[in-house]
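The values are calculated or read from the model by the stated rules, or taken from the named source; none is laboratory data. These numbers were taken from a predicted model, which means no experiment stands behind them. Glycine gets a Cβ as well: all are built from the backbone with ideal geometry, and neighbour counts include every protein chain shown. Accessible surface is based on the protein model in full, side chains and every heavy atom, while ligands, DNA and RNA are left aside. Shrake-Rupley method; radii C 1.70, N 1.55, O 1.52, S 1.80 Å.
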Amino acid sequence: QVRLVESGGGSVQPGGSLRLSCAASGISISSYSMGWFRQAPGKEREFVAGVGWSGTLTKTADSLKGRFTISRDNAKNTLSLQMNNLKREDTAVYYCAAGSDPYHIQDRRIAFWGQGTQVTVSS
């Protein structure tokens, strides 16, 4: 059984930081691109950041560059997202995903999704 389990979400004040983690079981993430997506209330799911199987190819949504950093540890079968200088508009449920394309995560080619973790940015 494949599971992607996110952790690290919570409530934080504007300007704060959080680090999300995604622990995979039942698969070796080294065969997949990995990524983070988010969905805010009343909005469509959007791409946050992705990383290719080796960790060298990364992409971050333009609006998040400089604040969000994605990384992976294939040996530990984990994916991380460091989020700094958080803003109220970053409030959303964040989802971990494993992509069928090993080089680039594409939301139309997702093999597995996590259940999501809530991030709330509020003063």
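Quick notes on this structure:
- Of everything in the range 44-55 that is assigned to a loop (DSSP other than H, G, I, E, B) and of a type in the set (D, E, K, R), the residue that is least open to solvent (accessible area, probe 1.4 Å) is ARG45.
- Close pairs (7 angstrom Cβ cut-off, 6 or more residues apart or separate chains): closer than 30 Å to ASP101 by Cβ and modelled with pLDDT of 95 or more in the range 111-123, open to solvent by 40 Å² or more (accessible area, probe 1.4 Å) and not in a strand (DSSP E or B) anywhere: ALA111/TYR32; ALA111/SER100; PHE112/VAL2
- Residues of the range 76-109 satisfying the condition of being β-branched (Val, Ile, Thr), within 16 Å of GLY50 (Cα to Cα) and free of Cβ contacts under 8 Å to residues at least 60 places away in the same chain: THR78
- Complete set of residues in the range 47-75 that are without any contact (Cβ under 8 Å) to a residue 60 or more places away in the chain and within 11 Å of the chain's Cα centre (by Cα): VAL48, ALA49, GLY50, VAL51, THR60, PHE68, THR69, ILE70, SER71, ARG72
- Look at (1) surrounded by fewer than 18 Cβ atoms within 10 Å (Cβ to Cβ); (2) within 18 Å of GLY8 (Cβ to Cβ) and you find that PRO41 fails only one, number (2).
- Scanning the range 62-100 for residues that are of a type in the set (Ser, Thr, Tyr), closer than 13 Å to ARG19 by Cα and either open to solvent by less than 10 Å² (accessible area, probe 1.4 Å) or part of a helix (DSSP H, G or I) (or both) yields a single hit, TYR94.
- For the criterion of being exposed (fewer than 13 other Cβ atoms within 10 Å of the Cβ) and in a strand (DSSP E or B), GLN118 passes.
- Within the range 20-31, one or more residues are in a loop (DSSP other than H, G, I, E, B), surrounded by fewer than 19 Cβ atoms within 10 Å (Cβ to Cβ) and in contact (Cβ under 8 Å) with a residue 60 or more places away in the chain.
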